[in-house]
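The values are calculated or read from the model by the stated rules, or taken from the named source; none is laboratory data. As the structure is a computational prediction, the values presented were derived from the model and not from experiment. Quick reminder, even Gly has a Cβ in these numbers, built from the backbone with ideal geometry, and neighbours come from all protein chains shown. These accessible areas exclude ligands, DNA and RNA; they are computed on the full protein's heavy atoms, side chains included. Shrake-Rupley method; radii C 1.70, N 1.55, O 1.52, S 1.80 Å.
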Amino acid sequence: MPESNPLYIYNSLSRKKEVFEALNPPFVGMYVCGPTVYSDVHLGNVRSFLTFDVVYRYLTYLGYNVRYVRNITDVGHLLDDRDEGDDKIEKRARLEKIEPMEIVQKYTNGFHNTVNQFNLIPPSIEPTATGHIIEQIEMVQRIIKNGYAYEVNGSVYFNVKKYDEEHNYGELSGRKLDELLNQTRDELEGGHEKRFFADFAIWKKAAKDTIMKWDSPWGIGVPGWHLECSVMSTKYLGQAFDIHGGGMDLKFPHHECEIAQSIGADGVSPVKYWMHGNMLTVNGTKMSKSLGNSFLPEELISGDHPLLEKGYTPMTVRFFFLQANYKSTVDFSNEALQAAEKGLNRLMTAIDTLMQLTTSEQSNVDVDAIIKASKESMNDDFNTPTTIAHLFDGVKLINSINDNKNTINDADLKILQNHYNTFVFDILGLTKENSSSSNDELSDELMGLIIDLRNQSKENKDWSTADLIRDELKKLNISIKDTKDSSTWDYEK
RNA sequence: GGUUCCGUGGCCGAGUGGCUAGGCAGUGCUCUGCAAAAGCAUCUACAUCAGUUCGAAUCUGAUCGGAACCUCCA
């Protein structure tokens with residue numbers, strides 16, 4: 001539980017940083033909009049999930065008991081909500097000539113593999129839309145009963161106009177209904193089933209050739225596109241819960257509709273703190289599949305993509321993202337990624353140094369200052385860039401102790417070691433990626449032998465042999481680095 | 001057009017009234033047979049114009065430029 005300094009969270013609803021106070025401490029309910037599993041997740045998606053991974057990790061660190069729910073959307077994402085709506089997953093299934101659930105399984109697996117690579121902690125519950133059809137039907141019934149929805153030809157629409165008369169449709173995104181009306185006048189032409197242009201489907205009658213469909217009081221159909229999140233958050237976190245996260249692009253209409261549905265069904269505004277992560281951009285434009293500027297995590301790692309000069313490890317990317325505030329866009333560039341790669345390396349090297357530091361009787365360094373600064377940064381709306389900056393201040397300190405320019409005693413060293421373990425590995429979720437992970441005992445022993453031979457050459461001042469060994473190993477992507485009285489080696493991809 | 005937001009040094013990116021983060025690159029130095037790596041030190045800034053103020057990157061207004069959302073997207 002937060003003691004001295006409280007945690008502040010930027011709430012999209014109030015557009016202010018607010019002190020975080022859990023509804024039912026020590027429990028915290030957090031819902032994050034997960035992926036629609038109709039194709040591979042790309043790097044932009046990863047950034048969003050990473051943001052909330054850190055939120056989850058930090059809340060846990062603070063002592064909260066977090067139930068983290070992140071859904072899998074496996075049905076119901078209609079391409080539009082007009083009469084001829086089409087389901088993304090079905091469309092993809094037809095293209096690939098396989099079962100919709102095969103698509104769902106394939107890309108769910110892919111999603112899990114990807115987020116594992118980036119060291120994201122799995123959520124406490126990962127519910128699927130198709131697993132909650134009954135609950136969705138029940139929610140539609142509650143909304144109808146409360147007079148906020150109407151049925152037309154086997155479809156049910158949320159009555160936004162009526163809702164807005166009693167509540168405030170658009171409170172999250174700052175939109176006004178009459179302003180929306182002005183901009184979408186064209187859309188009103190033509191005889192749709194909706195009574196009002198802003199109404200949205202919460203149950204949609206199935207087209208004849210639809211494969212995924214369910215029986216309901218209104219006939220055979222599919223749940224509307226915004227409903228699942230309302231249903232599953234209510235089921236697992238209650239009618240009102242602490243944090244709801246998602247990408248900025250979901251703010252409107254998706255999250256706006258969630259609020260309306262929850263109030264329409266249960267009379268309760270569902271979320272205390274709305275959090276929105278910003279977009280990953282490429283050359284200043286949002287990364288998205290339709291623009292063709294996205295790339296897949298595998299392409300990133302291999303470097304096999306026109307936009308990439310080389311491959312980058314998942315941890316480099318994780319660190320790169322954490323060096324920016326989650327509320328800002330991050331622009332992808334090779335230069336920035338390479339800077340992150342080196343910076344991360346510097347941090348990890350310093351941690352190695354930290355673990356083998358020799359102690360003195362006295363400390364003349366202020367470890368508390370670094371620890372305090374790191375915590376305050378995280379408490380300031382999960383400000384990972386400044387947290388990392390403070391960790392780098394510590395790097396300077398660690399190196400100076402290692403150079404005998406400063407001293408540290410046993411107690412302080414333990415504190416500092418613990419701090420870096422906690423912040424770097426537990427909270428920021430970075431891991432040591434041994435670039436020589438392909439090593440086995442045999443290569444270790446062989447390399448040890450080669451290095452011994454080379455050291456003998458060096459002792460004999462046979463520089464040409466020593467250099468030959470180093471140059472030839474270089475061709476095999478093995479780099480030799482000489483330190484004062486030993487040599488290390490690394491396999492570089 | 002509407003809503004929301006942004007423009008910081010070569011690059012990335014913090015910072016919301018005075019104390020000028022951090023990383024990468026550059027430069028100098030240390031270490032070293034050489035190299036690499038590592039370490040230390042260090043230089044470049046606040047889109048433009050006007051205003052408020054003792055004082056502004058930070059507040060106000062205008063101008064220019066950019067983005068997201070308003071249609072599925074994290």
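For the reader, a short list of remarks on this structure follows.
- Filter result for A:ASP186 (surrounded by fewer than 16 Cβ atoms within 10 Å (Cβ to Cβ), in the same structural domain as A:HIS132 (by TED's automatic domain parsing) and at pLDDT 90 or above): no
- Qualifying residues in the stretch A:355-385 (those that are part of a helix (DSSP H, G or I) and within 15 Å of A:LYS414 (Cβ to Cβ)) - the one most open to solvent (accessible area, probe 1.4 Å): A:ASP368
- Filter result (free of Cβ contacts under 8 Å to residues at least 40 places away in the same chain and not basic (Lys, Arg)) within the stretch A:381-410: A:THR386, A:ALA389, A:HIS390, A:ASP393, A:LEU397, A:SER400, A:ASP403, A:ASN404
- Here A:ARG67, A:ARG47 are screened, and the one residue that is assigned by TED's automatic domain parsing to the domain that holds A:ASP215, basic (Lys, Arg) and open to solvent by less than 20 Å² (accessible area, probe 1.4 Å) is A:ARG47.
- Selection from the stretch A:359-376 of residues that are farther than 14 Å from A:ASP393 by Cβ and among the hydroxyl-bearing types (Ser, Thr, Tyr): A:THR359, A:SER360, A:SER363
- Test: residue in the stretch A:357-369 that is acidic (Asp, Glu), closer than 24 Å to A:HIS276 by Cβ and in the same structural domain as A:TYR420 (by TED's automatic domain parsing): no
- Single residue of A:LEU13, A:LEU50 found to be in contact with a strand residue (DSSP E or B) (Cβ under 6 Å, 6 or more places away or on another chain) and either in a helix (DSSP H, G or I) or farther than 30 Å from A:ALA206 by Cβ (or both): A:LEU13
- Among the residues of the stretch A:300-337, the ones that are open to solvent by 60 Å² or more (accessible area, probe 1.4 Å), among the polar types (S, T, N, Q) and within 8 Å of RNA strand B (Cβ to nearest atom) come to 2 in all.
- Selected residue (criterion: nearest to A:SER374 (Cα to Cα)) from residues of the stretch A:390-425 that are surrounded by fewer than 16 Cβ atoms within 10 Å (Cβ to Cβ) and charged (D, E, K, R): A:ASP393
- Breaking point among (1) over 20 Å from A:CYS33 (Cα atoms); (2) surrounded by fewer than 21 Cβ atoms within 10 Å (Cβ to Cβ); (3) not small (Gly, Ala, Ser), for A:LYS286: (1)
- For the stretch A:250-283, residues that are on the phi > 0 side of the Ramachandran plot and either within 15 Å of RNA strand B (Cβ to nearest atom) or surrounded by 19 or more Cβ atoms within 10 Å (Cβ to Cβ) (or both) total 1.
- Out of A:VAL317, A:VAL268, sole residue that is in a helix (DSSP H, G or I) and either touching a residue at least 12 places away in the same chain (Cβ under 8 Å) or under 30 Å from A:PHE27 (Cα atoms) (or both): A:VAL317
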